[in-house]
Amino acid sequence: ILAVEPQPAQQRVRLVIAPEQRPDLPSRVRVNLPDEDYVDGIAQSARISLRSRLMPPPPPAVPGGYDFARQAYFMGLGATGKAMKPIRIIEQAEETGGNIRQRLSAHVLSRLGGAEGAIAATLATGDRGAISEQDAEAMRRSGLAHLLSISGLHVSALIAGVIFLVYRLLALSSRLALTMPLMLIAAAAGAAAGIGYTLLTGAQVPTVRSCIAALLVLGGLALGREAISLRLVAAGALIVLLIWPETLVGPSFQMSFAAVTVIVALAETGWFRALTRAREEGFVYKVMRGLVALFVTGLAIEIALMPIAMFHFHQAGLLGALANLVAIPLTTFVIMPAEALALLF
């Protein structure tokens, strides 16, 4: 077994296996194991015996549709199928508890059930296996599906939180505050947290892009440069394409980079800078200006992503600009900090 991916919402476990003593089979095969057929001892690096009807990865169902065969090629999968009984454990894995991502996801689901637990596990680990199709479709229709993809919002919130905490805690010491570059130390801690979070959540394209962008921003701030610019976007795209060139034609790369390009380009315009510039004013006016800026940004992103969404998914909408007015502040300032505290405790 090369990988184990629990998918409780589909009542199955997905296994990536390497057949042994079967030269007639591909080197990597993915099979779905129903929950009722699961046996104890199934874990990464274990050796098992099972029966399965294998098929080549299917091509698009309609012209221009989702091409799983192309995706499977770059994933190294030569066949897919469903595991059937009898399933026997030939050799136990050295560690049967799963990797840290799976253990953390299982811990969250054991403490919080239902749709809430599934989304909480996704925010913590990027594992979407527990989210039902009904909830996933509701998030897509409301324009909030990006919250289920660990990307700029989550990485930025984590890094900013770590920088804030480290900076404030170190500043409690007058000796450190007077003799050490506390902001650089806090930025380094935030960068380490961002890299760790990216690895923990599976290092998907949006997460890697967000992590690279955050590291470039921190480096720019440390050097006294203008950190938020379109050069930042270009550098992130270059690094991602050097490692995963096949992602260029996928919706994840196109939508994540299109969204961040719109955000940066909008932020560089004079009228938007004037709207978001810090000034002496009451709390209510400050909040109202922030909501207006958030709505304008969301609307611009929705318009930019509409042709990409129509091409890949044959549907698009404009609800996200309004829904994000509530969802983004709630996720950034309430849900994720509360979940981080819960995991800490």
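The values are calculated or read from the model by the stated rules, or taken from the named source; none is laboratory data. The structure presented is a predicted model; accordingly, all values stated were derived computationally and were not measured. Here Cβ is always computed from backbone atoms with ideal geometry, including for glycine, and neighbour counts include all displayed protein chains. Accessible surface areas use protein heavy atoms only, side chains included; no ligands, DNA or RNA. Shrake-Rupley method; radii C 1.70, N 1.55, O 1.52, S 1.80 Å.
Of the trypsin sites (Lys or Arg not before Pro) found in segment 168-266, those in coil by DSSP whose Cβ has at most 15 other Cβ atoms within 10 Å are Arg225.
Each label was represented as a point 7 Å from its Cα along the Cα-to-Cβ direction; for Glu91 and Thr179 these points are 5.5 nm apart. Cβ-Cβ distance of Val296 and Asn99, R₀ of 35 Å, FRET efficiency by 1/(1 + (r/R0)^6): the value works out to about 0.30. Projecting the Cα positions of Ala93, Val62, Leu200 onto the charge dipole of the chain (unit charges on Cβ atoms of Lys, Arg, Asp and Glu, taken about the Cα centre) puts Leu200 furthest along the positive direction.
Estimated from helices alone, the mean residue ellipticity of the chain at 222 nm is -18000 deg cm²/dmol (sum of -39500 (n - 2.57) over DSSP H runs with n ≥ 4, per residue). The heavy atoms of Asp135 offer some 50 square angstrom of accessible surface to a 1.4 angstrom probe.
One decimal place: the segment Ile308-Asn32 gains 96.3 nm when fully extended, by the rule 0.36 nm per residue minus the C-alpha distance. Spacing of the modelled spin labels on Arg225 and Leu319, each 7 Å from Cα toward Cβ, amounts to 4.2 nm. State, as an integer percentage, the relative contact order of segment 258-343 based on alpha-carbon contacts under 8 Å between residues 6 or more apart. Rounded, it is 28 percent for segment 258-343.
Working from the Cα coordinates of segment 87-146, the gyration tensor eigenvalues give, after taking √(5λ), semi-axes of 28, 13, 10 Å in decreasing order. Between the amide H of Leu33 and those of Val13, Arg14, Leu15, Ala83, distances stay under 5 Å, these residues lying 5 or more places away or on another chain, with hydrogens modeled in the peptide plane.
The simple Förster model, with R0 at 45 Å and r as the Cβ-Cβ distance, assigns Ala342 and Lys82 a FRET efficiency of 0.80. The label-point distance for Ala18 and Ala234, in a model that sets each label 7 Å from Cα toward Cβ, rounds to 4.1 nm. Of the residues Lys286, Lys85, ranked by 1.4 Å probe accessible area with the largest first, the sequence reads Lys85, Lys286. Here the Gaussian network model covers the chain, with springs between Cα atoms less than 10 Å apart; of Val296, Val287, Val29, Val287 fluctuates the most. The value obtained for segment 247-292, namely the Cα convex hull volume divided by the number of residues, is 82 Å³ per residue.
You can think of it this way: the chain between Leu169 and Leu275 has 34.9 nm of extra reach, that is 0.36 nm per residue less the Cα-Cα gap. Note on segment 273-338: Rg/Rh from Cα positions, Kirkwood definition for Rh, rounded to two decimals, is 1.08. Accessible-area rank, largest first, for Tyr167, Tyr197, Tyr66: Tyr66, Tyr167, Tyr197, with all protein chains present and a 1.4 angstrom probe. Both radii were evaluated on the Cα set of segment 96-223; the Rg over Rh quotient, with Rh as the Kirkwood radius, amounts to 1.07.
Rounded to the nearest 0.05, the FRET efficiency derived from the C-beta distance between Gln10 and Leu330 at R0 = 22 Å is 0.20. Relative contact order of the chain, taken over Cα pairs closer than 8 Å and 6 or more residues apart, is 12 percent. Binning the alpha carbon pair distances of the chain at 10 angstrom intervals from zero yields the distribution 5, 20, 30, 25, 13, 5, 1, 0, expressed in whole percent. Using every pair of separate Cα atoms, the Kirkwood estimate puts the hydrodynamic radius of segment 16-64 at 13.2 angstrom. For the Cα trace of segment 1-137, dividing Rg by the Kirkwood Rh returns an Rg/Rh value of 0.98. With every protein chain in place and a 1.4 angstrom probe, the accessible-area ranking of Thr261, Thr332, largest first, reads Thr261, Thr332.
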